[in-house]
Amino acid sequence: MERGDRHSPLHRARSLTRGRGARQGFSSFFGEVSTEAHTRGLYRVVSLRYLQDSAATHARSPRERITTSPGAAPPKTHPGVTHTMTTFANPDALLESVGAELGTTDWMTVEQERIQLFADATGDHQWIHIDRDKAKAESPYGDTIAHGFLTLSLCAPFLAELLHVERCSMGINYGLNKVRFPSPVKVGSRVRCHGTLASADEVKNGVQVVARLTVEVEGLDKPACVAEWVCRYLR
């Protein structure tokens, strides 16, 4: 393996310890890593971890399903539940997997605090979202409901939970083909997402995919959100 190979484990490990992307790189390996840790120590740990991961990657097929190991830290967004993730060895592997089922995420509870924070972030303070007393008295839903765009925004952590592409320099949100909100999400409801790889096409420096995502509400027949999300995974 050449020393200057940008795909080599040592090159990747060095890149994780330098520049603006360092913290993001460390988090992708270890969840949360203190930025106060010594760079040299992190470089040694990352190098060893990446060498192990790289060997494991070459030993398996381009696309396989992996499950969180027993005893490993649970997903930050959905604590306490083990879920299944679909992992692709590289962006090109996506081209061979059109139509693949990506699986289903863990349940997430949509609390009023999350709805309020979204209202504050977007400036959408309509009473059907934030005034529980009025919503219980006047809303046809009987309580506050999440913003439709809040439900849509949850597709970001949901897709990250469903799909992982290795040897990818970055992922880009390229937009949406279609979005519908068939059912409201009442405060306190639990939601989860099912995903399918609807298409994959070669683009400059990477692969563009359309992920068909369905966000369901526990106990309801109609989904809360159906979206076709266009993403690009660059080499």
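The values are calculated or read from the model by the stated rules, or taken from the named source; none is laboratory data. Here the structure is a predicted model, which is why all the values come from computation and not from measurement. Methodologically, a virtual Cβ is constructed for each residue, glycine included, from the backbone with ideal geometry; neighbour enumeration extends over all protein chains shown.
Within segment 156-198, the set of residues being farther than 19 Å from Phe88 by Cβ and polar (S, T, N, Q) comprises Asn177, Ser183, Ser189.
Yes or no, residue by residue, for (1) buried (at least 20 other Cβ atoms within 10 Å of the Cβ); (2) more than 30 Å from Glu96 (Cα to Cα):
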| position | (1), (2) |
| --- | --- |
| Ala137 | no, yes |
| Cys155 | yes, no |
| Leu176 | no, no |
| Pro184 | yes, yes |
| Thr214 | no, no |
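Scan segment 116-132 for residues that are farther than 30 Å from Thr86 by Cα and part of a helix (DSSP H, G or I) and report the count. So the count comes out to 11. Scanning segment 133-155 for residues that are of a type outside the set (Lys, Arg), assigned to a helix (DSSP H, G or I) and over 30 Å from Ala93 (Cα atoms) yields a total of 7.
Annotation note: Cβ proximity below 8 Å between a residue of segment 91-105 that is within 17 Å of Pro157 (Cα to Cα) and a residue that is of a type in the set (Asp, Glu) (sequence gap 6+ or interchain) occurs for Thr105/Glu161.
For segment 106-115, which residues satisfy the criterion of being part of a helix (DSSP H, G or I), surrounded by 15 or more Cβ atoms within 10 Å (Cβ to Cβ) and of a type outside the set (Lys, Arg)? Across segment 106-115, the qualifying residues are Gln112, Ile115. Any chance segment 158-172 includes a residue that's under 16 Å from Thr105 (Cα atoms) and either without any contact (Cβ under 8 Å) to a residue 12 or more places away in the chain or outside the structural domain of Leu95 (by TED's automatic domain parsing) (or both)? Yes, the conditions are met somewhere in segment 158-172.
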